[in-house]
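The values are calculated or read from the model by the stated rules, or taken from the named source; none is laboratory data. Note that the structure is predicted; figures quoted are calculated from it, not measured. Virtual Cβ from ideal backbone geometry, glycine too; neighbours counted across all protein chains shown. For the accessible areas, the whole protein counts, side chains as well, though only heavy atoms, and no ligand, DNA or RNA atoms are used. Shrake-Rupley method; radii C 1.70, N 1.55, O 1.52, S 1.80 Å.
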Amino acid sequence: MDIQQAKEQIKRAVKIYLMKDEFGHYRIPVQEQRPIFLVGAPGIGKTAIMAQIAKELDISLVPYSMTHHTRQSAIGLPMIVKKEYGGKPYEISEYTMSEIIASVYEAMEKSGKKEGILFLDEINCVSETLAPSMLQFLQYKTFGNHQVPEGWVIVTAGNPPEYNRSVREFDIVTLDRLKVIVTEPNYGAWRTWALDAQVHRAVVSYLDIHRDNFYRIENTGKGRTYVTARGWEDLSQAVKLYEEAGFPVDEDLISQYIRNEHICADFGSYYRLYHKYGEDYHVKDILAGRASDEVISRAREAGFDEKMTLTGLLLDALMPSLHAQVTDEDALRELHTPLADCGKLAAGAAEAGMLTARLDSLAADERKGEAADEAGKTATTSARYVREYKERFLTALADEIRKEEIKDAKAAWELIRQEYGVRVRAAGEAAGAVKRSLDNIFDFAAKAFGKSDQMLVLVTDLSAAPEAARFISRHGCAGYYEYSRQFMLYERSRTLRDEIRQFTDGTAAPDEGMKL
């Protein structure tokens, strides 16, 4: 199965392990809950899906790589304690709490969540001295004298022996205590994740054309070469920052992540061509609605690879502003209710101090949420941004009221209302600009591509990207609706929009639906 199918299998297993009867007891007793063993090639996203599962189930995640653990760090250090047996005192050995078990308790305390996933990666690469303790752990859920708390599901992962010389193959006794899930690299499954994670479009577009280069491990006369999903992901992040810093993206950089000489050179050539097409097609002009007849004609007559690259360039140019817009809107929508409550408080309060205290309390809640997210290891980059946006804005409002030495509650409320209004109006104007760019892309694509594979990629990639789907559900896009209907994606996208509306404050634009 691919990594997305494995994710669903693990998610279902975690769900049934956490199911309780009417008395609050786990339906499958903890001792009978087989630890999950996810087996797959390196770099296909095993760790990433664990964070996704924990987030979707609203539970914590404590990840650990077992390769650096010794027997002492895993089961705890020995210590001498005094006990009395049969009326006589004795000194005996006990063990301090395992670092791993302690981390679970710390995550529970910081996140406030009593259930979670303990994810132990590379479990089949443990040291020889630790191996016997691992068998005990898999059978009894204990490290030393300390048991994994109830409500924590154990998921382990490892590489097949052919990928890692350090692998110790489990015997039948051990495997018979595990729920084994085997996964294989699959570009289609990874691509869905990559769109959500905003992997650089040059990487996605290249792999759309050269899918065979997504994952490859070979033995050659020069040694072992390898290209993995993790390599592409890390290269994407490096390329984005290199571009931002103005550093050249060349084979010297690419070869640090893509350890195959041919694929490294091939992607380097494609990357240069990718940016050349960006200049040749004047992508910024397309987004501004100023595409020339010459550019439209060239796109219409271009080959398949060039059209696919151009589609990637258009999305690459659009998505950063669209993503920033949606996350700003999300933050403003989440601020609406608590700030409206401040208005109610101001109506019955005599002093502004009550409002600043309320703003301080709300900001503190966001900081606690940030700490809980960090402890739970499940928050996305967008979710962290939204929390930080809210915390900074609430803090700024309280500081401004104090700076202006406002004493009257109603005057303080007026400042809050005005500052929030300024941000809502700015978000509305920004949304209008993003919508115009999106409409212009579809106008261009309709003339250059028509109902083609490139238009299908444009529509499906916008549907698959959560921020794009939320933006379209809020602000609309006639071209998207028209072509999704033609490609028979309309019903699916409409269902998606309906689901999204359940988690938003309506579909009105920010400057219409979020006034205080």
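All conditions in (1) open to solvent by 20 Å² or more (accessible area, probe 1.4 Å); (2) over 22 Å from VAL434 (Cβ atoms) hold for ILE258, with the sole exception of (1). Across the range 364-375, not a single residue is classified as within 19 Å of GLU414 (Cα to Cα), of a type in the set (A, V, I, L, M, F, W, C) and at pLDDT 90 or above.
Of the residues ASP365, ASP293, ASP328, ASP280, the single one that is within 25 Å of ILE401 (Cβ to Cβ) and surrounded by fewer than 16 Cβ atoms within 10 Å (Cβ to Cβ) is ASP365.
Quick grid of which residues meet (1) modelled with pLDDT of 85 or more; (2) out of contact with any Gly (no Cβ under 8 Å at 6 or more places or on another chain); (3) open to solvent by 30 Å² or more (accessible area, probe 1.4 Å):
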residue: VAL459; (1), (2), (3): yes, yes, no
residue: GLY476; (1), (2), (3): yes, yes, no
residue: LEU489; (1), (2), (3): no, yes, no
residue: ARG494; (1), (2), (3): no, yes, yes
residue: ARG501; (1), (2), (3): no, yes, yes
residue: ASP511; (1), (2), (3): no, no, yes
residue: MET514; (1), (2), (3): no, yes, no
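In the range 214-226, the residues that are closer than 16 Å to PRO160 by Cβ form Cβ pairs under 6 Å with partners that are surrounded by 11 or more Cβ atoms within 10 Å (Cβ to Cβ) and hydrophobic (A, V, I, L, M, F, W, C), at six or more places apart or across chains, as follows: ARG216/VAL227; TYR226/ILE217.
With respect to ARG425, determine if the residue is under 12 Å from LEU355 (Cα atoms), surrounded by fewer than 21 Cβ atoms within 10 Å (Cβ to Cβ) and in contact (Cβ under 8 Å) with a residue 40 or more places away in the chain. When the stated conditions are applied, ARG425 does not pass them. Filtering the range 429-457 to residues that are out of contact with any Gly (no Cβ under 9 Å at 6 or more places or on another chain) and surrounded by fewer than 19 Cβ atoms within 10 Å (Cβ to Cβ) leaves GLU429, ALA430, GLY432, ALA433, LYS447, GLY450, LYS451, SER452, ASP453, LEU456.
Residue check: TYR274 meets all listed conditions (1) over 24 Å from the mean Cα position of the chain (by Cα); (2) more than 30 Å from GLU388 (Cα to Cα); (3) open to solvent by 50 Å² or more (accessible area, probe 1.4 Å) but one, namely (3). Within the range 1-18, residues that are more than 16 Å from ILE59 (Cα to Cα) and of a type in the set (Asp, Glu) sit with their Cβ atoms under 6 Å from residues that are open to solvent by less than 70 Å² (accessible area, probe 1.4 Å) and assigned to a loop (DSSP other than H, G, I, E, B), at 6+ positions apart or across chains, in these pairs: ASP2/ASN186. Report whether or not PHE119 is open to solvent by less than 50 Å² (accessible area, probe 1.4 Å) and at pLDDT 85 or above. Yes, satisfied.
Here LYS240, LYS179 are screened, and the one residue that is surrounded by 15 or more Cβ atoms within 10 Å (Cβ to Cβ), among the charged types (D, E, K, R), within 25 Å of GLN52 (Cβ to Cβ) and in contact with a Phe, Trp or Tyr (Cβ under 8 Å, 6 or more places away or on another chain) is LYS179. Among the residues of the range 1-39, those that are under 30 Å from LEU195 (Cβ atoms) and charged (D, E, K, R) comprise ASP2, LYS7, GLU8, LYS11, ARG12, LYS15. Screening GLU184, GLU169 for residues that are among the acidic types (Asp, Glu), at pLDDT 80 or above, assigned to a loop (DSSP other than H, G, I, E, B) and at negative phi leaves exactly one candidate, GLU184. Taken over the range 257-282, the criterion of being touching a Leu at 6+ places or on another chain (Cβ under 8 Å) and not aliphatic (A, V, I, L, M) is satisfied by TYR257, TYR274, TYR277, GLY278, TYR281. The residues on offer are ILE16, ILE28, ILE10, ILE36, and the sole one that is open to solvent by 70 Å² or more (accessible area, probe 1.4 Å) and within 22 Å of ARG177 (Cα to Cα) is ILE16.
Against the list (1) under 23 Å from PRO42 (Cα atoms); (2) at pLDDT 75 or above; (3) touching a Lys or Arg at 6+ places or on another chain (Cβ under 7 Å), the condition ALA131 fails is (2).
Among the residues of the range 405-452, just one is over 30 Å from ILE296 (Cβ atoms), in contact with a helix residue (DSSP H, G or I) (Cβ under 7 Å, 6 or more places away or on another chain) and not in a helix (DSSP H, G or I), namely ILE406.
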